[in-house]
Amino acid sequence: MPGSTHWVKHYAPLLCLLVFPVLAFSQSRTLTGKVTARKDNQPVSSVSIQLKGRSAGTSTGDNGEYSITVTSSDTIIASSIGYRRFEAAVKDLTTLNIVLEEADDALADVVVVGYGTQKKGDLTGSLSSVNSKDIKSLPVSNAGDAIQGRAAGVQIVSSGSPGSNATIRIRGIGTINNSDPLLVIDGVPTDVPLNTISPDDIASIEILKDASAAAIYGSRGANGVVLISTKRGVSGKGALDFKAFYGSQNATSMVDLLNASQFASLHNEMMSNNGQAQNPAFANPPSLGAGTNWLDLLFRSAPMQNYSMAYSGGGPKSTFYVSGAMLDQQGIVINTSYKRYTLQFNHDSRVFDWLRFGNNLTMSHDIKKNGSYDIRNTMAALPTQAVYNADGSYAGPVGQPSWVGDIANPIGKATINDNKTAGYNILGNVFAELTLFKDLKFKTTGGMQAMFWDSRSWSPKYNWQPIPQPNSSLFQQYNKSLTWLWDNYFTYERSFQGGHRVTAMAGTSAQTNRYDNMDGSIQKFASNATQQLDNGTVDPTVGGTGNEWALLSFIGRINYAYKSKYLLTATIRRDGSSRFGDENKYGTFPSASAAWRISEEDFFKDITFVNDLKLRAGYGVTGNQNIGNYSFASVLQTVQYNFNGTPVNAIVPQAIPNPGVRWEKVEQANIGIDASFLRNRVNVTLDAYLKNTRDMLVPMSVPISTGYSDIVVPSINLGHVQNRGIELAVNTKNLTGEFEWNTSFNVSYNQNRIMSLNDSVPLYAGSIGLNQNLAIQHAGGYPVNEFYGFVTSGIFQNQKEVDDWAVQVPGSDANNRTSPGDVKFRDLNNDGQINDDDRTFIGNPNPSFIFAMNNNFAYRGFDLSIFLQGIAGNDIYNANRIWQEGMAVAQNQTTAVLDRWRGEGTSNSMPRAVFNDPNKNTRVSDRFVEDGSYLRIKNITLGYTLPRSLVQRAKMSSLRVYISCQNLVTFTKYTGFDPEVPSNGIDLNVYPVTRTISAGINLSF
């Protein structure tokens, strides 16, 4: 019948698809067993159990047991990092116990590479991996601090401020704009702060460093990519893990300041040297004693505690991981703190052999508090001033400013002002993976990032000197950012006869974001108890803004291997971004890399001490779309002008549009060597790279005659920055057996240069206020953020030296000209006078070398880890010294000024103390540039794991206790609080890194 024929033709394939899994399942049965290690006969958890040629699989639980549905024709494969792969035919077995041999082969590890995974031994690009074992006992509040020094070529700059994010730089600074890498968590590209994730939930961190690895992320991979995978459940008996640590934090070092009697003596000398009257209160300096130590009052010992609990498990077809964590970190500066609450829920469910569902969900809530602390002002506060008045109120300087200064009580402001930010974050995805055919899979993922955060600043009125605040004030801000993601891609993987293996991936990705902001402020409240915007009475303000962006991408990658000897990877991504005009909305980002495993060649078989040797080479192009959302168009603003005496509102462009703006483009070439020696006990990775950022966005020079602003200007693609360097990572197993000793070491060299800018016009940077810029962006091969200023040449010892030198500050008034005791500045252009034309490059904030070494020891349950980390070849501009060693105004000084010039021959480095600084001794110069190199004992951890036979009596599977010290000792010549300063190298009011001593416990049931 025609109707029947039509039915068979159109619906029979669907019927077969539905019936086939049922028929296959009817022939299946359950296979159970236990996996143990050969060396100690102990169960091995988290072993991957797979069926060869099928997508079905599971993992062992903490007791090593597994359960999986099989058929008689299946072949079972058991694999785990550090063990040799096990393979056996199922046949008629219903129980199969597996014994794994130790492999000592890191090349078998599986790493995440973006839209998939790959064996480490098959990599052709440059990638660094950090797993949970490396960070399991570090008393840190965020993952950024935990990975510092763990990956070659990756610089992490931390801060001691509670709730702060670490700054990550991969292979140098690639642009004068946003140099942050792309963060991808469980497959979702995100800008959620890294500190909102609990380190206890992290399974692994992969860092894609070269373009051949990062090009799969196209327009967002220019600065590298950080891939974070959270933990997942394993089949078998449920596992309950509890972790806790409690620690005490302190500043790693303190700056020594003058006491009251020392300051009074200096102040008398400073005023006298300028012909000024001295403060009568300082007539007898020794009688003033020590006075007030403001830094001791601002800083404190602060506790930090962290608790987390996780439960994971599942059956043959479904696994789960759920956890909760709480961090409470008080800051070492008074009235600063950070609290974080996190929930993690990951789930995998295999409905059929051909269908798998899953989800990843991270939720967090954090609260960051700080008063209006100011570290530099606290250093400047006079030790002769009391903290409190006789009535208990906060004291302040009263009198002539040149005698008593003008610094408001820094302890009072840090205490009574309340600044708080509360964040609510959701990051998650749901996915479905279908096995369409034996070698073809399709995966679709829907992701969401929801960030809500509000900030609140309250300042009560006060009547302190020198400037009372007559009105209380309140500012509140509300922010919302919603991002949606939809990824779809196919993966084809097949091995062919003759040793050929092909893996291909192709798909699409769509992501969109909407951000909204609203804020308001008001002043003068009748009572401090009514801190609501409605209760203020004067000067109300309201504001708000919003923006959005979208990205549509087409992605593809192919991996080819021949007998694991010749490896090839090619990727391409085409991105379309709403941040660009019609001329340049789409960009294409290709890459290719290849590897030759020489150790697999027949001629290499006789070299027995080399277990693996692989050469790699790659080239690729990535982009940077972090340029702002509307650079191609005119951003409109509301202004008010006067028309015939009447205020009139108007809408005008804020800046001239640039419809031709395009991607910043990074071209990177990489060559590398991976080698293993002595039965895989020594593993070496060596990489060399050349990275060129072209079409870098720089400010456009806009003549005011155009009618547009010459201050708010568009960016144009005219810059070029180059980074080139070498990276070396070495991992060794020095001793094995009952006493184990492993070492990991990495060192990286990077050279950063600006090759071109906008018509070679220098761009000043590093502003510290008062029209002072400490750095400059300049073409011609100079580094990004190079310090720029005068060069010193000692101290004038007598008037003859002043007369014989180039004119610095001329004049007949001895109190307002260059005099003996002032700083000599070099006349670089030999014109006989010192002016701005004599400025030059005086320091490079970018380190030439970053390095780290970790030693792990284990003996009969005891474990000891000693981790060293450091940088070298960089300079720091210690801007705090401009004021605290200026000796020109009524501010306290560091004890370094005790060695100041007081007469001929007394000093050739520290100038005289003189009010108003007539010679401008504090001008931007190399006087304040210091060596920023340091070597730090980053962490020492000593732990003990109780014997399994003992803890099993308490119904536990493991119990470990430990003590740890973070940032124990720092070896450096730097004179500031700590040499770990922001990546621009300027130390001004920087919250110092903390030393943390902690004790912790890890329990598993």
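The values are calculated or read from the model by the stated rules, or taken from the named source; none is laboratory data. Source: prediction; values computed, not measured. Neighbour counts run over all protein chains shown; Cβ positions are idealised from the backbone, glycine included.
May I ask you to list the residues in the range 596-637 that are in contact with a Pro (Cβ under 8 Å, 6 or more places away or on another chain), buried (at least 19 other Cβ atoms within 10 Å of the Cβ) and not polar (S, T, N, Q)?
Within the range 596-637, Gly620, Val621, Phe632 meet the criteria.
Kindly indicate which of Ser219, Ser204, Ser229, Ser212 is assigned to a helix (DSSP H, G or I), of a type in the set (Gly, Ala, Ser) and within 20 Å of Thr445 (Cβ to Cβ).
Details: Ser204 fails: assigned to a helix (DSSP H, G or I); Ser229 fails: assigned to a helix (DSSP H, G or I); Ser212 fails: within 20 Å of Thr445 (Cβ to Cβ).
Step by step, each of Ser219, Ser204, Ser229, Ser212 is checked, and only Ser219 is assigned to a helix (DSSP H, G or I), of a type in the set (Gly, Ala, Ser) and within 20 Å of Thr445 (Cβ to Cβ).
Answer yes if at least one residue in the range 859-882 is farther than 25 Å from Pro466 by Cα and among the basic types (Lys, Arg), and no otherwise.
Restricting attention to the range 859-882, the residues satisfying the condition of being farther than 25 Å from Pro466 by Cα are 859-878.
Pick out the ones that are also among the basic types (Lys, Arg) and you get 860.
There is at least one residue in the range 859-882 that is farther than 25 Å from Pro466 by Cα and among the basic types (Lys, Arg).
With part of a strand (DSSP E or B) and either out of contact with any strand residue (DSSP E or B) (no Cβ under 6 Å at 6 or more places or on another chain) or aliphatic (A, V, I, L, M) (or both) as the only criterion, which of Ala277, Ala310, Ala264 stands out? Before you say what the answer is, go through the steps one by one.
Values: Ala277 fails: part of a strand (DSSP E or B); Ala264 fails: part of a strand (DSSP E or B).
It is Ala310.
So for the range 961-976 (the condition being over 26 Å from Val784 (Cα atoms), over 34 Å from the mean Cα position of the chain (by Cα) and not β-branched (Val, Ile, Thr)), does at least one residue qualify?
no
Is one or more of the residues making up the range 536-552 touching a Ser or Thr at 6+ places or on another chain (Cβ under 8 Å) and among the aromatic types (Phe, Trp, Tyr)?
The answer is yes; a qualifying residue exists.
Just a yes or no: is a residue in the range 852-865 crowded, with 19+ Cβ neighbours inside 10 Å, assigned to a loop (DSSP other than H, G, I, E, B), modelled with pLDDT of 95 or more and not β-branched (Val, Ile, Thr)?
no
Under 7 Å by Cβ, and 6 or more places apart or on different chains, what pairs join a residue from the range 796-809 that is under 16 Å from Ser907 (Cβ atoms) and among the aromatic types (Phe, Trp, Tyr) with one that is at pLDDT 95 or above and not in a loop (DSSP other than H, G, I, E, B)?
Phe796/Val802; Phe796/Lys824
Out of the strands (runs of 3 or more DSSP E) lying entirely within the range 591-703, which hold 3 or more residues that are within 33 Å of the chain's Cα centre (by Cα)?
610-624, 664-677, 682-699
Based on this model, can you work out whether Ser767 counts as under 25 Å from Ile871 (Cβ atoms), at pLDDT below 95 and out of contact with any Cys (no Cβ under 7 Å at 6 or more places or on another chain)?
Judged against the criteria, Ser767 is a match.
Testing Ile726 on (1) among the hydrophobic types (A, V, I, L, M, F, W, C); (2) farther than 30 Å from Ile673 by Cα; (3) in contact with a Phe, Trp or Tyr (Cβ under 6 Å, 6 or more places away or on another chain); (4) surrounded by 14 or more Cβ atoms within 10 Å (Cβ to Cβ), one condition comes back false. Which one is that?
(2)
Out of all the residues in the range 363-397, which are under 18 Å from Leu266 (Cβ atoms) and part of a loop (DSSP other than H, G, I, E, B)? First the steps, then the outcome.
First pass over the range 363-397, keeping only residues under 18 Å from Leu266 (Cβ atoms): 379-385, 397.
Selection gives Ala381, Leu382, Pro383, Thr384, Gln385, Pro397.
Tell me which strands (runs of 3 or more DSSP E) are completely within the range 917-1005 and hold 3 or more residues being touching a residue at least 60 places away in the same chain (Cβ under 8 Å), or say none if there are none.
Of the strands (runs of 3 or more DSSP E) lying wholly inside the range 917-1005, those with at least 3 residues that are touching a residue at least 60 places away in the same chain (Cβ under 8 Å) span 934-945, 958-972, 994-1004.
Restricting to the range 427-468, and then to whatever is of a type in the set (Val, Ile, Thr) and buried (at least 17 other Cβ atoms within 10 Å of the Cβ), can you tell me which residue is farthest from Phe320 (Cα to Cα)?
At the first step, the residues of the range 427-468 found to be of a type in the set (Val, Ile, Thr) are 430, 435, 444-445, 467.
Still in the running and buried (at least 17 other Cβ atoms within 10 Å of the Cβ): 435, 445.
Numbers: Thr435: 21, Thr445: 18 Å.
For the range 427-468, the residue satisfying everything is Thr435.
Given the conditions (1) touching a Pro at 6+ places or on another chain (Cβ under 7 Å); (2) crowded, with 22+ Cβ neighbours inside 10 Å; (3) of a type in the set (Gly, Ala, Ser), report the number of the one that Ser593 does not fulfil.
Of everything listed in (1) touching a Pro at 6+ places or on another chain (Cβ under 7 Å); (2) crowded, with 22+ Cβ neighbours inside 10 Å; (3) of a type in the set (Gly, Ala, Ser), Ser593 misses just condition (1).
Would you mind stating whether Gln305 is within 38 Å of the chain's Cα centre (by Cα) and modelled with pLDDT of 95 or more? So that I can check it myself, show each step before the final result.
On the way: within 38 Å of the chain's Cα centre (by Cα): yes; modelled with pLDDT of 95 or more: yes.
Taking the combined requirement at face value, the residue satisfies it.
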